[in-house]
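Worksheet: one structure, shown below.
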Amino acid sequence: MSKQMRDLWAEGLGLLRHEPTEMRVRIRQDGHELVDTVRAILVWEPRRVVPSYAVPATELHATLSPSDASVLPLPDGILHPGIPFAAHSCPGEVMDVDGLIGAGFRPEDPELAEYVVLDFNAFDEWYEEDERLVAHAREPYHCVATRQSSRTVRIERDGQVLAESSRPTLVFETSLPMRFYLPREDVVTELEATDLVTSCAYKGVATYYGDNLMWSYLEPLKEVRELAGLVAFYDDVLDVYVDGKLRERPGGPVAEALRQEFGLSS
């Protein structure tokens, strides 16, 4: 992404944005359906890179009440997915939803007056049509493209080779640095799973290895099923050589936000 595009993108991030979706959105909690609507709206609070769903309050089968929950302090910069829902970046009213403290939010925007934004993590199950979501709401402009390559990729840490392959799969994802996914057979370091598990709305559930600098989608979502079992690396803090040339480590506000989210330092 060029500097001009980054600047324009960052400028847009500073705004409260929202747009309707034709998706049928359903939410289940404790075995009961709280929402079944075709009038959901995707809402991006200022500086947040991922959206939340807002639903018409009249279609929410739950009691909404003003909350005593405090709004969490906001860090500087981009608000990555790890920043809790309770850290709101625009004026509005925090709501409790059937006793779930702070699970709703009503921004001070006249176009959203009839809606309540909901915390994805506060509820048991979310569905777009009949497909269950594994993380936050997916935005319509986010793209994940995978490409098989014959470039030689070597991953090192402090001079020690972790993996080398001439059959990598390259992943190009909107606003994120290119990632290298290598066949497990081409990884020479030990792949011992850790306790860390994360969810990506676009790729699925990731298992981590070693010092949590390597991960794999064992059962990825159907859109990226070709990533199954391949191993990716945090090249933000590792050395990556592509066809023998050391690759510059990812930079910019998004890369920095990711490092903050996962507690990594360059």
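Somewhere in the stretch 184-197, is a residue part of a loop (DSSP other than H, G, I, E, B) and in contact with an Asp or Glu (Cβ under 7 Å, 6 or more places away or on another chain)? I'd like the intermediate steps shown before the answer.
Within the stretch 184-197, the subset part of a loop (DSSP other than H, G, I, E, B) is 188-192.
Remaining after also requiring in contact with an Asp or Glu (Cβ under 7 Å, 6 or more places away or on another chain): none.
The answer is no; no qualifying residue exists.
Take the stretch 24-49 and flag every residue that is in contact with a helix residue (DSSP H, G or I) (Cβ under 9 Å, 6 or more places away or on another chain), buried (at least 17 other Cβ atoms within 10 Å of the Cβ) and farther than 13 Å from W126 by Cα.
Selection gives I41, V43, W44, R47, R48, V49.
Which members of the stretch 91-129 meet the condition of being acidic (D, E), surrounded by fewer than 15 Cβ atoms within 10 Å (Cβ to Cβ) and within 16 Å of R26 (Cα to Cα)?
D124, E125, E129
Please work out which residue is farthest from the chain's Cα centre (by Cα), limiting yourself to the stretch 167-184 and to residues that are free of Cβ contacts under 8 Å to residues at least 40 places away in the same chain, surrounded by 14 or more Cβ atoms within 10 Å (Cβ to Cβ) and farther than 14 Å from R247 by Cβ.
Quick first cut of the stretch 167-184, residues free of Cβ contacts under 8 Å to residues at least 40 places away in the same chain only: 167-168, 170, 172-174, 178.
Now narrow it down to the ones that are surrounded by 14 or more Cβ atoms within 10 Å (Cβ to Cβ): 167-168, 170, 173-174, 178.
Filter once more, so that each one left must be farther than 14 Å from R247 by Cβ: 167, 173-174.
Values: R167: 27, E173: 11, T174: 11 Å.
Going through the qualifying residues, I end up with R167.
Scan the stretch 29-39 and give yes if some residue there is small (G, A, S) and assigned to a loop (DSSP other than H, G, I, E, B), otherwise no.
Yes, the stretch 29-39 contains a residue that is small (G, A, S) and assigned to a loop (DSSP other than H, G, I, E, B).
For H136, all conditions in the list (1) in contact with a helix residue (DSSP H, G or I) (Cβ under 6 Å, 6 or more places away or on another chain); (2) surrounded by fewer than 14 Cβ atoms within 10 Å (Cβ to Cβ); (3) not acidic (D, E) hold save one; what is the number of the exception?
Going through (1) in contact with a helix residue (DSSP H, G or I) (Cβ under 6 Å, 6 or more places away or on another chain); (2) surrounded by fewer than 14 Cβ atoms within 10 Å (Cβ to Cβ); (3) not acidic (D, E) one by one, H136 breaks only (2).
Readers should treat all values here as calculations from the given coordinates under stated rules, not as data from a laboratory. Computed from a predicted model, the values in this text were never measured in an experiment. Glycine gets a Cβ as well: all are built from the backbone with ideal geometry, and neighbour counts include every protein chain shown.
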